[in-house]
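The values are calculated or read from the model by the stated rules, or taken from the named source; none is laboratory data. The structure displayed is predicted, hence computed values, not measured ones. Virtual Cβ from ideal backbone geometry, glycine too; neighbours counted across all protein chains shown. Just so you know, the surface numbers come from the protein's heavy atoms only, side chains and all, with ligands and any DNA or RNA stripped out. Shrake-Rupley method; radii C 1.70, N 1.55, O 1.52, S 1.80 Å.
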Amino acid sequence: VRNSIAVNNPQKAGGAANAPDLETLRGQIMSARTAQSRMVTREDVLARIFTMPATFGRVFRAAIAENPVNPQATTLYILTRDRAGKVDIAPDTLKKNLSKYLNEFRLISDAYDILDAQIINFGVKYEAVVAQNANKQQVALNINNKIAEVLQTKYFQIDQPLIIDDITTAILAQDFVIALSDLRVFPLTGNREGREYSSSSFPFERSTKKGMIFGPPGAMFELKFPEHDIIGNTV
C-alpha cells in the first residue's frame, strides 16, 4: 500500500527554513534577552515570533507598526524564505499558525493584524575609474563580489533603508580603483529573462534622503540575483 501512494501538492511549499546562522541569531538575541512570559512589549512579540516551534513554520523577518486604520490593533508585517533562500511571501497556513500561537501569549486587550511585507528587489549599476595597469575585468569581478557580500539579505530587516554609501565604500575600497564616476540603484520587477522578481516597486530617486533609500512602510529590500543584478563597468 505504501508504494502505491501518490501525493500532488498544487501549491508550492513555503515557510520553512534551515537552522539560523550566526548573523540571524545575533539579530534575535536582543529581543529574546528582554522578553517576558507574556507579550507586553515589542520585544516580547518579536521574541515569540522567532521562537515559534518549527513545526508551525518559520518566519524569516518580522516588524511591528501602528495600524493607521484601527488604533486598537497593531500591524505585524512578516516574510519568509523559499527553498532557494530567497525572501518570499508567507503562505496563509503560516499566518494562521502564527495567529494561533501568538493568541496564547497576548494580553486580552491586544489585537494583531498579520500582513505580508512588501519585497523590493533592486539592482546596482556603476562605472568605476581604475588604474591603467589594472586588469579591468578582474577589478569589476572583485567589485561585484564585494557589493554582493555587503548587500546580502541577512543584513536587511523590514523597514530598514538601503544605504548608498555602503555600496560606494565597497567599490572604492577595491584595489586599483581610483574613482567612482557613476552609481545608480534601481528597482527590478516582474519577469526578466526567466528571473522572477517581486511586483512591488516605488520611485527610488524621490525616496532618497541623505544617501539612504527609504522604502514604503512594511517593506524590505532584497538583491535577489547578485550575479545578474549588479552591472559594472570599469574604465
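Could you count how many residues in region 37-83 are over 18 Å from the mean Cα position of the chain (by Cα) and in a helix (DSSP H, G or I)?
9
State which residue pairs qualify: first residue surrounded by fewer than 20 Cβ atoms within 10 Å (Cβ to Cβ) and inside region 76-104, second residue part of a helix (DSSP H, G or I) and of a type in the set (F, W, Y) in any location, beta carbons under 7 Å apart, and separation of 6 or more residues or different chains.
Listed by first residue and then by second, the contacts come to N97/F56; Y101/F56.
Exactly one condition in (1) within 21 Å of Y126 (Cβ to Cβ); (2) open to solvent by 70 Å² or more (accessible area, probe 1.4 Å); (3) in contact (Cβ under 8 Å) with a residue 60 or more places away in the chain is false for L141; which is it?
Of (1) within 21 Å of Y126 (Cβ to Cβ); (2) open to solvent by 70 Å² or more (accessible area, probe 1.4 Å); (3) in contact (Cβ under 8 Å) with a residue 60 or more places away in the chain, only one is false for L141: (3).
Scan region 118-169 for residues that are hydrophobic (A, V, I, L, M, F, W, C) and touching a helix residue (DSSP H, G or I) at 6+ places or on another chain (Cβ under 8 Å) and jot them down.
Selection gives F122, V124, A128, V130, I143, I147, A148, V150, L151, I167.
Are any residues in region 54-70 open to solvent by 40 Å² or more (accessible area, probe 1.4 Å) and among the basic types (K, R), and if so, which ones? Lay out the reasoning, then the answer.
Of region 54-70, the ones open to solvent by 40 Å² or more (accessible area, probe 1.4 Å) are 54-56, 58, 64, 66, 68-70.
Across region 54-70, the qualifying residue is only R58.
Quick one: is A131 among the hydrophobic types (A, V, I, L, M, F, W, C), closer than 24 Å to Q157 by Cα and surrounded by fewer than 17 Cβ atoms within 10 Å (Cβ to Cβ)?
no
For region 171-187, how many residues are within 13 Å of N135 (Cα to Cα) and not in a strand (DSSP E or B)? Before the answer, list the steps.
Here is the first cut: in region 171-187, the ones within 13 Å of N135 (Cα to Cα) are 174-177.
Restricting the remaining residues to those that are not in a strand (DSSP E or B) gives 174-176.
Within region 171-187, residues that are within 13 Å of N135 (Cα to Cα) and not in a strand (DSSP E or B) number 3.
Select from region 84-108 the residues that are part of a helix (DSSP H, G or I), more than 25 Å from S199 (Cβ to Cβ) and hydrophobic (A, V, I, L, M, F, W, C) and list them in ascending order.
L102
Out of (1) open to solvent by 60 Å² or more (accessible area, probe 1.4 Å); (2) closer than 22 Å to G85 by Cβ, the odd one out for A173 is which?
(2)
T93 is checked against (1) over 17 Å from K224 (Cα atoms); (2) touching a strand residue (DSSP E or B) at 6+ places or on another chain (Cβ under 9 Å) and fails just one. What number does that condition carry?
Going through (1) over 17 Å from K224 (Cα atoms); (2) touching a strand residue (DSSP E or B) at 6+ places or on another chain (Cβ under 9 Å) one by one, T93 breaks only (2).
Condition first: closer than 17 Å to V87 by Cβ and of a type outside the set (F, W, Y). Can you find one or more residues in region 200-211 that meet it? Explain how you work it out, then say what you get.
Going residue by residue through region 200-211, those that are closer than 17 Å to V87 by Cβ are 200-202.
Okay, now just the ones that are also of a type outside the set (F, W, Y), so 200-201.
Yes, the conditions are met somewhere in region 200-211.
Output the number of residues of region 191-235 satisfying the condition of being within 18 Å of the chain's Cα centre (by Cα), over 20 Å from A63 (Cα atoms), open to solvent by less than 50 Å² (accessible area, probe 1.4 Å) and modelled with pLDDT of 95 or more.
Adding up the residues that qualify gives 7.
Please identify the pairs in which a residue from region 153-164 that is closer than 12 Å to A117 by Cα has its Cβ atom under 6 Å from the Cβ atom of a residue that is aromatic (F, W, Y) and open to solvent by 30 Å² or more (accessible area, probe 1.4 Å), counting only partners at least 6 apart or on another chain.
From region 153-164, the pairs are I158/Y77.
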